[in-house]
Amino acid sequence: MGTLLDTGVKPYNHYGAYLKEKYAGQRVFKVIVDGNFTCPNRDGSKGYGGCTYCNVDSFTPDTARKIPSMREQVENGIARARKSYGAEKFVIYFQPNTNTYAPTHLLKMMYDEALNVCPEHTVGLSVGTRPDCLDFEKIALLESYTDRYDVDLEMGMESIYNDTLERINRGCLHDEFINIMKMLEGSKLEICVHTIFGFPWETEEMMLKYADEINKQPHIKFVKLHHLHIVEGSIMGAKYKREPFKLFTIQEYTDFLAKFIPLLRPDIIIQRIFGIADRELLIAPNWGFPKSKIQTEIDKGLEARGVKQGSAYQG
C-alpha cells in the first residue's frame, strides 16, 4: 500500500514542493558559486581558524572550487544542472564562507556578474552570510534585486546559546543575530536561518527551544536544519579523533526531528533537514547511506511517527 511520501507529500513544508508550486512545475536548481570570500573568524578581524566544526571545503562542490572565474562557475553549474537534473531555471547561490564580507560596491559587482551570465533563466539570488557581516547598506543592496529576482538571505544562527557559540569559536553572539533580525523587519528579502543540532553539551530540551526562537521571528521564511557532523581539517575533528564524543545516530536524529518539526511554525519552509560532508572528508557520524538515501530514511521515519509540521505550535 502506498504512502503520502510516494506522491511527493512530506510531513513538513519542503523546499522542493515550494519551488514546484512557485514556478509552475519548472525544475529550479541552485547553482553554487565561490566568490573567494573569507570570514572575520578566519582572517583575524575576530579570530583565526574559523568555527571549530568548519572545514569550508566540505561544503563546496569541486565544480565551484576549481573554476577561477565567476562566469565559468555559473556556466558550468547551469550546464551540469541541466544535464544531470533537467533543470530549467536557476538560483545563483553564493555559499562558501561569508558572502557579504566585502565593501558594498564590490559585492554589487560580483552579484551582478553572476546574475548576468544567464539572465533569461535565472530566477533567484541566494546569499549565505553571518549576522555580524550585514548592515543597512548591504541589506539595501540585496533588496535592490528583489524587483527582478527572489532574494534569499541565509544566515547561520547555529545555536541560540552564547555558551555554545563561544565554545565553537563562532565569533558572533546570539544578540547579534537578534539585532540583525530586527533590522530586517519589513524587508523584501526572504530570510533563511541555518541551525546545527547535536553539540554534545546541549540537551534535547535545549535544542527544542530553537523552535521558539525561530517562531517568534515572523519574517523567517526558510530554515535549514543540520545535525552536527565532524569533518577532516576542523578543530573539532582533531578533538574527536583524540577523544570521541556522542553524536546523533540516524535513528536518534529522526527521533529528535519528530519532536522538533511539530513545534515549528506551520508556514515555515524547510530547505534541508540534514547536512553532511563528502565521504572522503566525513569523520563522523557515518550513517552508512548516500545522501539521497539518508533523506528517504528520515522522511520515512517522520511519516511513520505521524509527524506534522506545526501540530504542536502554539502561536
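The values are calculated or read from the model by the stated rules, or taken from the named source; none is laboratory data. The model shown is predicted, which means the values in this text are computed figures rather than measured ones. Quick reminder, even Gly has a Cβ in these numbers, built from the backbone with ideal geometry, and neighbours come from all protein chains shown. Accessible surface is based on the protein model in full, side chains and every heavy atom, while ligands, DNA and RNA are left aside. Shrake-Rupley method; radii C 1.70, N 1.55, O 1.52, S 1.80 Å.
Points to keep in mind about this one:
- Links that overshoot a 25 Å alpha carbon limit, given the list 188/216; 22/182; 138/221; 10/83; 22/224; 30/293: 22/182; 10/83
- Rounded to the nearest 20 debye, dipole of the chain from Cβ charges on Lys, Arg, Asp, Glu: 640
- Remark: region 208-247 carries 46 Å² of accessible area per residue (probe radius 1.4 Å; ligands, DNA and RNA excluded).
- In sequence order, calculated HN-Hα J values of region 121-127 (Karplus, 6.51, -1.76, 1.60; Hz; x Gly/Pro): 10, 9, 10, x, 10, 10, 10
- Normalised per residue, the accessible area of region 80-158 is 39 Å², obtained with a 1.4 Å probe and no contribution from ligands, DNA or RNA.
- For region 164-174, Karplus couplings with θ = phi - 60° (6.51, -1.76, 1.60), whole Hz, Gly/Pro x: 5, 4, 6, 5, 9, 6, 5, x, 7, 8, 5
- Point-charge dipole on Cβ atoms (K/R +1, D/E -1) for region 198-315, about Cα centre, debye to 20: 160
- Amide H contacts under 5 Å for residue 154, placed H, 5+ residues apart: 127, 128, 129, 192
- Estimated at the nearest 10 Å², the accessible area of residue 143 is 60 Å² with a 1.4 Å probe.
- Here the Karplus relation 6.51 cos²θ - 1.76 cosθ + 1.60, evaluated at θ = phi - 60°, turns the backbone of region 263-270 into coupling constants of 7, 7, 3, x, 8, 6, 9, 8 Hz, with x for every Gly and Pro.
- Prolate/oblate/rounded label for region 84-182 (Cα gyration tensor, a/c 1.5): prolate
- Calculated [θ] (222 nm, deg cm²/dmol) that DSSP helices of n ≥ 4 give over the chain, each run adding -39,500 (n - 2.57): -9500 deg cm²/dmol
- Full-stretch length increase - residue 45, residue 304 - with 0.36 nm per residue and alpha-carbon distance subtracted: 88.5 nm
- Nonpolar atom fraction for the chain, defined as the carbon and sulfur part of the 1.4 Å probe accessible area, stands at 51 percent.
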